[in-house]
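Have a look at the structure below before the remarks.
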Amino acid sequence: MKGVIKIAKRFLPPYKNYIILNLIFNVINALLNVFSFALIIPILQILFKATPDSYDFIAWDTSGMSMLDIAKNNGYWYIGDIINIYGAGFVLLILAIVLIVMTALKTGAAFLSTYYIVPIRTGVVKDIRNNINDKILNLPIGFFSEERKGDILARMSGDVNEVENSVMSSLEMMLKNPIMIIVFLTTMLIISWELTIFVFILLPIMGYVMGAVGKKLKRSSFEAQNKWGELMSQIEETLGGLRIIKAFNAEQKISDRFHKGSDEFRQMSNRIARRQYLAHPMSELLGTITIAIVLWFGGSLILKDNSLLDASVFIYYLTVFYLIINPAKDLTKASYAIQRGLASMDRIDKILDAENDIVEKPDPIEVKFQKDIEFKDVWFKYQNDWVIKGMSLKIQKGKTIALVGQSGSGKSTMTDLLSRFYDTQKGGVYIDDIKITDCTMHDLRSKIGYVNQEAILFNDTFYNNITFGVKEATEAEVIEAAKIANAHEFIVATPEGYQTNIGDRGGKLSGGQRQRISIARAVLKNPEILVLDEATSALDTDSERLVQDALEKLMKNRTTIIVAHRLSTIKNADEIYVLKDGEIVESGNHNTLYDMNGYYTKLCMMQGDLN
């Protein structure tokens, strides 16, 4: 229950007006239930001719009598008077009509209570999804290097759906059933406090038994949702690596791995479902036992000579008691479903409660970038081992520098530190002597343009991919950017030109075309600092020529950092920094470094003599 209250405090305040309306109609519905079934008493008395022979009208302000006793007496007097005048059949007809009207009002109130619960349910689920999405966008990249994408997708889809199908679908029961139970119990106390004591004793026992089973269900549900996240990760890996899987004839291996995980998930689901299905027969049995005890004890009270209960009132009592059984059962069922939802909410909170260690200062400094970029004694590690070890270098504005070295030497990490995708553990990165941690990330990243080895495109049109990240751009500016990137010709050759959808991750395009769209995007952004991270390494010769030409246009009058494994792309750089194991081992232009016959020369020799 604490978990439900916690979720309610977090997500329900924006919908308090709907909650108030829902509670109002739930109260009306409960009261109409009590009064409509109260008509059973006079109907039974008329049918079985158990109506007292005569009643005298008692003034409503008579002292010494309770209002309930006066109302009961005058009710019987009025019914008896009408029976004497119009006959018992007419009274039965009137009571039946009143019963129909009250039932119509009762069902109308029930509908309105559910009508106002719908926007609460859908709204909370929408808010949870939006919160997850916004949190994903705000978390540092380092968080996702430790989390599997498939598991994150499972939390945003499966776990959020579980919260909707369990916690939110049970929200109606949580708002409605306590009201029903309170109203019905109050009515039962008014009718017979002795008989109702048994209900107060027996219902908590039933709730305790069901709650004990529900705790076990939550633990199992959490494990099952984790297993579902693993399966989603496997599917994501399969979709991303389908070409490799087929190339290595590994279909059976991947299939066996997935089937094994799927079988484990099925076994967990079986255990959860069986415990959940246990709720109904357990509540049915406990409810029947309770009714039997109430029937026995109530009957014994009626058989007493001085009993305040007659048969018709006792039947009404049993009717009200039966009405309280269903809300109690629903609450036990809801407790089962809620345990599954709370398990899913725990997994969702792992994302929502994740701390972002890359924070901005409350009083940021604006960066102009007029002189240089400087890495001062920078140390960085992802986990245990240092990836960057005391690195220092300065990049003058307008210059082109290259970072070269074998894989794992720290080249791409340096550009990630410049963009504050990660923060240094020691030392710092400065722009015009202002440490980048002293400015806003939006200000910093607005000055940097990226062209990566893998062109990151979106399932959208050419136009929207090129204007991605730019608030306003005219069609002429977009076309000009595409022309500079050598992309205009193949774009206009498509059926809808710039409005043609390029497919998931640009799947309808070749590698060179995707890269040129990426370059056009960078051209339109017009950044002061340009980062080229292995921008041509995955291209064939013809595509590389077109892309290289586009890059040269883009690099004009900009400060450019080239991350390169293929050394043929950096011969014209103003300064080349050679990295090895996170340290700068050599620096200079291409000719100087080559003539040194050092580590750079060895790299060149490995790729063919480029001198």
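So the values come out like this:
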quantity	calculated
Amide H partners (placed H, <5 Å) of LEU530, local residues excluded	GLY449, THR559, THR560, ILE561
Förster-model FRET efficiency, 45 Å R0, LEU295 and TYR86, C-beta, rounded to 0.05	0.80
For the range 553-561, Karplus couplings with θ = phi - 60° (6.51, -1.76, 1.60), whole Hz, Gly/Pro x	5, 5, 6, 4, 6, 10, 7, 10, 10
Net lengthening on full extension, ASP595/GLU360 (0.36 nm per residue, minus Cα-Cα)	80.1 nm
Proximal aspartates and glutamates relative to LYS9, as straight alpha-carbon distance under 18 Å, when same-chain residues fewer than 8 apart are discounted	ASP127, GLU164, GLU172, ASP346, ASP349, ASP353
Segments 584-597, 482-495 sorted - mean Cβ within 10 Å per residue, highest first	482-495, 584-597
THR122 versus VAL470: modelled label distance in nm, points set 7 Å from Cα along the beta carbon direction	3.8
Pairs of Lys in the range 434-580 closer than 17 Å at Cα, counting only those 8 or more apart or on different chains	12
HN-Hα J in Hz across the range 159-164 - Karplus 6.51, -1.76, 1.60, θ = phi - 60°, x for Gly and Pro	5, 5, 5, 5, 4, 5
In Hz, Karplus ³J(HN,Hα) per residue of the range 510-519 (6.51, -1.76, 1.60; θ = phi - 60°; x = Gly, Pro)	6, x, x, 5, 4, 5, 6, 5, 4, 5
Per-selection metrics, the range 426-530 (Cα): Rg and Dmax in Å	15.6, 53
Shape category assigned to the range 366-453 from the gyration tensor of Cα positions, a/c cut at 1.5	prolate
Surrounding net charge for LYS483, when Lys and Arg each add one and Asp and Glu each subtract one, Cβ distance under 15 Å	-2
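None of the figures in this text is laboratory data; all of them are computed from the coordinates on show. Remember, it's a predicted structure, so these values are computed and weren't measured experimentally. Note: ideal-geometry Cβ built from the backbone for every residue, glycine included; neighbour counts use all protein chains shown.
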